[in-house]
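Enquirer: Below is a structure I'd like to ask you about.
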Amino acid sequence: MRHHLVQAFTLLGVSLFMTAARASDDEIRRPPVDTSALPALAPGWAEINPLRGNPQTADIGREAFNQACARCHGQDADGSRSPAPDLRRIGLSCRRVKDAALNQRCQSDADHFFVKSVRYGKQKFGIIHMPPWEGVLEPTLVWSIRSFLESAPRQ
Amino acid sequence: MRKTPHPLLSALACAFPLALCALPASAQPAGDDETVQIINGCPIWPYTRCPGADLRHADLVGKNLAGADFSGADLSRADLRGANLSVADLEGANLTGARLAKATVSNANLQKARFIGTDLEGARLFRSDFSGAEFNGASLEIARLDKSWFIGTRFIASNLQETKFNQVNLKNAYFEANVLRYAVFPSSNLEGCQGCPKGWD
């Protein structure tokens, strides 16, 4: 009898621990990444990535990506074997647009799609495929991730 | 500078197998000098933002328009055969007479869109939201609509032959005078659907 009770309590303890661990996994929080080296941005969301071309952003973005996004989108953005889409493809076609003004517009469209997806997540028919990061990730970090994705190597 | 293959090699590749040559433009590697197609101020590229754009009669065959915002756009008689409209926003768009045969429109928002005489034959319409849309005289022959939603959607005088309504939500939808030969509705929600075929609940 005592043996059964011990077994039951052990099972209960394990299941409670697993539930708590799962809840903690599902909880989204800002990755502890230092962005103090990056320039201060104007409040709100810019129309186009203001950190594009900044040499420091890619490393910071990579660190943030691997902590917040890699679980679904692949380590170092290698989405080739990941359950979620390969984010390195967003805006890739803009590289072929040679006209400067059009290229800016193309990048802006791709940036807008990326930021919208991050802020509001991906929810379809009541199923949350990706949680909304609005209020969790500030623009500096999101733009850093975007910069990293553009520089991430593709096989 | 991108190297172009020898013409003879291209000819051989096209002669056999033929399918390689039938790939849509988006599936083929584009050259560095590709010019951007702009129609009535709307640039044709993925994620383009053209809400309310006038794209009537536009030739968009095989174009990659993933993530595009065409909400409220007029795409009447536009040719979108084989185009990629995944994750696109087409809410309230007018697709009257548009050609979307073999197009991919998955994970898209097509709420309240109008499909009057639209050709969607063989289109892949997975996990998209067609709630409040209207299909009148449209062809969805052998189209695949897996896991899409059609809440309150109207299907009138449309060709639904061999259309795959797998795991779709047809709550409060309306069916009238459609060709339903070999259309299948497995694991679908037909609650409140008027005119839906019986025996699939």
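The numbers here are math on the coordinates, done by the rules we state, and not lab data. In this text the structure is predicted, and so the values were computed from the model without any measurement. Every residue, glycine as well, gets a Cβ built from its backbone with ideal geometry; the counts of neighbours run over all protein chains shown.
Enquirer: Using a 10 Å cut-off around each Cβ of peptide B:149-160, what is the average number of partner chain Cβ atoms that fall inside?
Expert: Whole-number average of other-chain Cβ neighbours for B:149-160 is 0.
Enquirer: Of the beta bridges DSSP finds with both residues in region B:35-111, what % are antiparallel, to the nearest 5?
Expert: Around 20 percent antiparallel, to the nearest 5.
Enquirer: A further question on this structure: Can you check what the net charge comes to around A:PRO132, using other residues whose Cβ is under 10 Å from the Cβ of A:PRO132 (Lys, Arg +1; Asp, Glu -1)?
Expert: Details: positive: A:ARG119, A:LYS122; negative: A:GLU134.
After counting each charged neighbour, the total is +1.
Enquirer: Report, as an integer, the average count of C-beta atoms from other chains found within 10 Å of each Cβ along A:105-112.
Expert: Across A:105-112, the average partner-chain Cβ count within 10 Å equals 4.
Enquirer: Rounded, prolate or oblate: which fits region A:43-155 when a ≥ b ≥ c are the square roots of the eigenvalues of the alpha-carbon gyration tensor, with rounded for a/c under 1.5 and prolate only if a/b beats b/c?
Expert: Rounded shape, in that the Cα axes give a/c under 1.5.
Enquirer: If you don't mind, there's one more thing I want to ask. Testing the spin-label approximation: label points 7 Å from Cα along Cα→Cβ at B:GLU176 and B:VAL61. State their distance in nm.
Expert: 3.6
Enquirer: Same structure, new question: Per 0.36 nm of contour for each residue apart, how much would the distance between A:ASP99 and A:VAL136 grow if the chain were fully extended, relative to their Cα-Cα spacing?
Expert: Residue separation times 0.36 nm, minus the Cα-Cα distance, leaves 9.7 nm.
Enquirer: OK, next. Using each residue's phi in region A:120-128, evaluate 6.51 cos²θ - 1.76 cosθ + 1.60 at θ = phi - 60° and report the 3J(HN,Hα) Karplus result to the nearest Hz, with x for Gly and Pro.
Expert: 9, x, 10, 10, 9, 6, x, 9, 8
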